[in-house]
Structures are given as structure tokens and as C-alpha cells.
1. If the cut-off is a Cα-Cα distance under 14 Å, which aspartates and glutamates reach LYS141, setting aside same-chain residues fewer than 8 apart in sequence?
2. HN-Hα J couplings of the stretch 93-110 from phi, Karplus 6.51/-1.76/1.60, θ = phi - 60°, integer Hz, Gly and Pro as x?
3. Would you mind ranking ASP286, ASP273, ASP41 by Cβ crowding within 10 Å, fewest neighbours first?
4. Can you find, among VAL72, GLN44, PRO7, the residue farthest towards the positive end of the dipole of the stretch 7-89? Put +1 on the C-beta of Lys and Arg, -1 on that of Asp and Glu.
5. Label-point separation (nm) for HIS239 and ASN154, each offset 7 Å from Cα along Cα-to-Cβ?
6. How many nm is it between the label spots at ASN4 and LEU83, if each spot is 7 Å from the Cα in line with the beta carbon?
7. If you take the square roots of the eigenvalues of the alpha-carbon gyration tensor of the stretch 124-231 and sort them as a ≥ b ≥ c, do you get rounded (a/c under 1.5), prolate (a/b over b/c) or oblate?
8. Among ILE185, VAL95, GLN266, whose Cα lies farthest out toward the positive end of the dipole of the chain, if unit charges sit on the beta carbon of Lys, Arg (+1) and Asp, Glu (-1)?
Amino acid sequence: MDLNYTPQEQAFRQEVRQWVQAHLPQEVAYKVHNNLRLTRDDLQGWAKILGKKGWLAYGWPAAFGGPGWNAVERHLFEEECALAGAPRIIPFGPVMVAPVIMAYGNEEQQKRFLPSIASGEVWWSQGYSEPGSGSDLASLKTKAERVGDHYIVNGQKTWTTLGQYGDWIFCLVRTSSEGKPQTGISFLLIDMKTPGVTVRPIKLLDGECEVNEVFFDNVKVPAENLIGEENQGWTYAKHLLSHERTNIADVNRSKRELERLKRVAQVQGLWEDVRCRDEIAKLEVDIVALEMLVLRVLSAVSSGRNPLDIAGLLKIKGSEIQQRYSELLMLAAGPYSLPFIEEAMSAGWQGDFPGGDATVSVLASTYFNYRKTTIYGGSNEVQRNIVAQTVLG
Ligand SMILES: Cc1cc2nc3c(=O)[nH]c(=O)nc-3n(C[C@H](O)[C@H](O)[C@H](O)COP(=O)(O)OP(=O)(O)OC[C@H]3O[C@@H](n4cnc5c(N)ncnc54)[C@H](O)[C@@H]3O)c2cc1C
């Protein structure tokens, strides 16, 4: 296995780098580099810029309107975007529901939904978790009852990330109570403007409203919005989760934050402390190891194998690394990172960190926010169970 990039891959990287530099709005890159609050316009604006170029759907095959890149090209694209300070692509449309529509949707659904995902016009949300059904997802209760050519949906989803912006939501719904819980679940696409859908924000530890509760009260959904077959949704849901977990590993963002950590440690004089450098070195080793694992997965994908069963492993390591750099950044910035200053999340706020990095004052928010990484996408404890069963045997 050769993990070096070929000259063609290096040329591809260069092309992506130049294009991103020329098209990424600088004020958005500034916010990303400093962990400031991104608005809907920031996120969707960048998605539309990518969409115009045909790169928002960067993981899609050409047959569905994607660039048809191989796994290494996709990785290089992600890395260049992360290092340039591009916002992460909101995954629910292009990375999560689109592969399900491609694999299990009918032709009409593919024609109807995929173009507006690829262009960034339509914002999707994920309706899996419910109160009481997170790790034990198959116990979900939101009910969809078939009445003529519609489903009537009643129930509640929770922790719906950025659901306040959602145009559409893909939901797991219960269509049967017979047999094992997994066998009575269906995969339904719901227009969030339909009467009876209510979105209520949940304020989190960092003071932000990143997640929501979504209520369904007699929501009438055309039966043509059902993906695949009724009661087969669990299979489709698992297909989607492996994409979600690989995406959460996000090694490129960790590489960017590692450089930031080194800068903050230097400004604070901690760089001279061998124990501090030791911690940073350990983190760097883990990031390099994660990157190697990602490259091994990509290499396997390129040669036609499907190693998605180790997606859980990538999720565990990636999320733990994200928490560690958020902790080390707090330690490196010392007292400057302690105040929880909500206003500091806005671009332009003037703090007093020596070295000019006013945004060190948002480190506490980031630290609080990152408690989520070991929970969402399936908690790390549960991922360990899955890895133990499917990878270790
Ligand atoms: C910030 C954030 C964003 C999210 N976004 C979305 C979203 O957009 N859409 C969506 O559908 N969901 C979303 N989720 C929900 C997420 O998938 C669930 O929180 C997660 O699956 C855990 O479920 P739970 O919160 O119900 O915890 P529980 O399942 O109640 O687990 C509680 C604790 O028990 C542990 N535990 C449970 N079962 C086991 C077991 N068998 N073995 C060992 N330990 C176990 C867990 O690890 C955890 O520590 C989000 C969550 C967060 C925090």
C-alpha cells in the first residue's frame, strides 16, 4: 500500500487550493479560523458557491451529478477546504440523505431531490433521535399511519441539529409494531413547511441553539415521499449512519486546530514548557495516526473494498481528538480562556489576549460545545460495542 500522493493527485490538490482561495469569502474564513458564530447565510452561501462549481456534491458519482472523484481526491478536497478556513459542509443533505436516495430511492425521487441538494438550495435536517430513543434508536415511536395516498405522522424528534433552518427533514418513522422493533421502521422525507410541524430550539451549554425538538402533529405526508419499501427503513438508516460517522472524524479540522494550538502556546510562552510540548506532541501523533487510518480506508475504497464497518472507529478517535484540542487550547490560553463571553462569538468583538488573538475568548464556548462530539452520531460507548462486535469479532 503506497500512501504517498501521486503527481496527478498533487496537481489536483493545487487546483482545489487555488479555486478555494479565489472563491471562499474572507470574512467567512476569518470566522472559521477563530471559531466564531457562523450564520445561516455564511453556511448556505458557501454551500451555494460550491454548488455552482459542482463541488458541494463532491462525494457523488458523476451519474448523479457529482464530480466523480475517487476517495483520495475527496480527501484532498476536504483537507484543502479545512485548511483554507471553509465552513464544514452541512452534511445532512449532500453527505447523509443523498447517498440513501441514490441507493434506495426511485428515479423520480432522485430527479426531484438530488439537484437541489447538489446546488445547496435546500437545507436538510436529520430526524432520527427521539426522547428515550437515542442509542436504542430502534425503539423509536414517531408513528406514520398510511391513509390513502398519504401518511399521517405523529410524534417527536429531538436533538435535530440546525433544524431551525431546515426546509426538509428525513425521518425514521414507525409504520408497524409487529415483530422486532427494527422491522417496523420506514424512511420518510418530510417538507418542514407542512402544517403540523413545529420546531422548538434547545439552548445548550455554550449558550447557542444548535439543536432543536421537532414535533409532528397530524402531519400529512404524500406516500411518494417514502424511500424504498415500507418497514425497510432500518437498513437505509444504517447505510446513512456509516457516512455520518466517517464524516464526524474530520481529521482535517483537527490539523487546522493543532496549528492554532501551537500558535496560542507560543504567544503564552508555554511553548518553552516541555510538559506542554509533550501534550501537543501526543496530540499530533494521534492526529497523524488518525490521518493514516483515514488514508488506509480511502486506499481500500479505491481498490473496491468497503471498509465502512470501521466508521465507528474513526468516529471514536476523531471525536476524542476534537475534545482534546479544545481542552489543550483552554489550558494554553490560561486565564484568557476562562470567561464565558457570549458576545465574543460575534465577529468584530475586541478581546484582550496578547498577540492579537481576540477570539481566544470563545475557547470556553468551543470547549462546552465539543462535549457533544463523543455523543452525537451515536455515543462513543455504543461505537465501542459495535467495533468490538464487527471489527474485533
Ligand atoms: C449536539 C448534538 C447534535 C445531535 N444532532 C442530531 C440530529 O441532527 N439528528 C438526530 O437524529 N440526532 C441527533 N443527535 C442525537 C444523538 O445521536 C444522540 O444523542 C445519541 O445517539 C445518544 O442518544 P441519547 O442522547 O438518547 O443518549 P442515551 O442513549 O440515553 O445514552 C445515555 C448514556 O448511556 C450510554 N449507553 C447507552 N446505551 C449503551 C450501551 N448499550 N452500552 C454502553 N453505554 C450505553 C451512552 O453512551 C450515553 O453515555 C445529536 C446529539 C447531540 C448531542
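1. Straight-line reach from LYS141, under 14 Å: GLU130, GLU178, ASP217.
2. Result, ordered by residue: x, x, 9, 9, 6, 4, x, 5, 5, 5, 7, 10, x, 8, 4, 4, 5, 5 Hz.
3. Listed from fewest to most nearby Cβ atoms, that is ASP41, ASP273, ASP286.
4. Positive-end residue among those listed: GLN44.
5. Here the answer is 3.1 nm between the modelled labels.
6. 1.8
7. Since a/c reaches 1.5 but b/c is at least a/b, the shape of the stretch 124-231 is classed as oblate.
8. Result: ILE185.
Taken together, the values in this text are just the output of simple stated rules run on the coordinates, not laboratory data. Predicted, not measured: the structure shown is a model, and the values here were computed from it. Every residue, glycine among them, receives a Cβ derived from its backbone with ideal geometry; neighbour counts consider all protein chains shown.
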